[in-house]
Structure formats: structure tokens, C-alpha cells
Amino acid sequence: MIKKIEHIGIAVKNIEHSNELFKKLFGKEHYKVEKVESEGVSTSFFLLGDTKIELLQASSDTSAIAKFIEKKGEGIHHIAYEVDNIDNEMERLKKEGFELINQQPKDGADNKRICFLHPKTTNGILVELCQEKTK
Ligand code: ZN
């Protein structure tokens with residue numbers, strides 16, 4: 001089951017500059033930064049109620065964020081939905097005809113197991129499913 005929007009991911013060129021910009025916008029600081037080496041990204045997170053904004057900056061030229069910015073410029077990169085059971089949801093959505101980008105859940109930022117759905121099957125928006133890892 002999809003529970004709620006967990007976060008919105010925004011691709012930025014310079015995460016330090018954007019941290020300052022979003023600090024002014026929200027009137028509060030980001031609460032964490034995290035590098036996800038496997039994805040070639042640096043991230044920072046702002047908490048707004050029980051939803052988050054994730055800023056993503058490429059840390060390598062070959063990362064998906066670098067390619068996204070090259071093609072489309074800065075902006076909304078993905079919408080992440082919290083699910084109660086990511087394995088079940090991946091199975092369900094595959095049966096519904098959505099294309100999974102990764103066939104197994106992988107480790108994402110912020111202590112999550114994640115999976116992406118290809119934007120060509122979701123009206124052009126990259127969808128992330130995420131489930132908090134049990135500690
Ligand atoms: Zn995300």
C-alpha cells in the first residue's frame with residue numbers, strides 16, 4: 001500500500017548554494033546531509049511537517065542527476081512515496097504494467113530501501129517507492 005508522499009527530490013547544481021536558498025524559503029535549516037556513493041549523489045534533507053524535501057547534487061559526471069540536469073536543467077527530479085511493504089508494492093506495480101528501473105530494492109539515502117519506476121510508464125514523473133529500513 002502507498003501511504004503518503006515521503007519526499008520530493010529536487011536536482012540542483014550546487015547543494016551548498018541550494019541549502020542557503022531553501023533555508024531562506026522554508027525559514028529553517030536542512031537537518032541532514034548524506035552521500036549515496038552507489039548513486040553518485042550528495043543529498044540534503046529539509047523536514048516540512050511529515051514530508052521532506054531532498055536536494056540532490058551529482059557527485060560524479062555519470063550519475064543520473066548529472067544526466068538529468070544536462071537534459072532538463074535544475075528542478076523536480078522525483079516524487080517519493082512511502083510504502084508499507086516495498087517487495088509487495090514492486091510486485092503489484094509490475095503486474096499493473098509499470099516498468100521498474102531496479103528489479104530489487106536498493107539502499108537509498110535516509111535509511112530507506114528504495115525502487116524507481118520509469119517515467120515513461122508514470123506520465124513523465126520519476127517515481128520512487130521507499131520503505132524505512134527496520135533497525
Ligand atoms: Zn528520493
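The values are calculated or read from the model by the stated rules, or taken from the named source; none is laboratory data. Predicted model only: the values in this text are computed from it and were never measured. Using ideal geometry, Cβ is built from the backbone for each residue, glycine included, and neighbour counts are taken over all protein chains shown. Accessible surface is based on the protein model in full, side chains and every heavy atom, while ligands, DNA and RNA are left aside. Shrake-Rupley method; radii C 1.70, N 1.55, O 1.52, S 1.80 Å.
For the pair Asn102 and Leu48, the difference between a 0.36 nm per residue extended length and the Cα-Cα distance amounts to 16.6 nm. Distant-in-sequence amide contacts of His77, defined by a placed amide H-H separation under 5 Å and a gap of 5 or more residues or a different chain, comprise Gly9, Ile10, Ala11.
From helices alone, the chain scores -7000 deg cm²/dmol at 222 nm; the rule is -39500 (n - 2.57) for each run of n ≥ 4 DSSP H residues, then divide by the residue total.
With +1 on each Lys and Arg Cβ and -1 on each Asp and Glu Cβ, and nothing else charged, work out how big the dipole of the chain is about its Cα centre, in Debye to the nearest 20. Can you show the working numbers first?
Details: 21 positive and 23 negative charges, 34 e Å.
Using only the charged Cβ atoms, the result is roughly 160 debye.
When the accessible area of the chain is computed with all protein chains present and a 1.4 Å probe, what percentage of it is carbon and sulfur?
Within the chain, the accessible surface is 52 percent carbon and sulfur.
The Val33 and Lys95 beta-carbon pair, evaluated with R₀ = 30 Å, returns a calculated FRET efficiency of approximately 0.20.
Tell me, what is the percent relative contact order of the chain, built from C-alpha pairs under 8 Å that lie six or more residues apart? List each step's numbers first, then the result.
On the way: 266 pairs, mean separation 34.5, N = 135.
Taking the mean separation of contacting Cα pairs over the length of the chain, I get 26 percent.
Residues in the range 41-107 average 55 Å² of solvent-accessible surface per residue, probe 1.4 Å, ligands and nucleic acids excluded. Straightening the chain between Asn14 and Phe26 buys 2.5 nm, computed as 0.36 nm per residue apart minus the Cα-Cα spacing.
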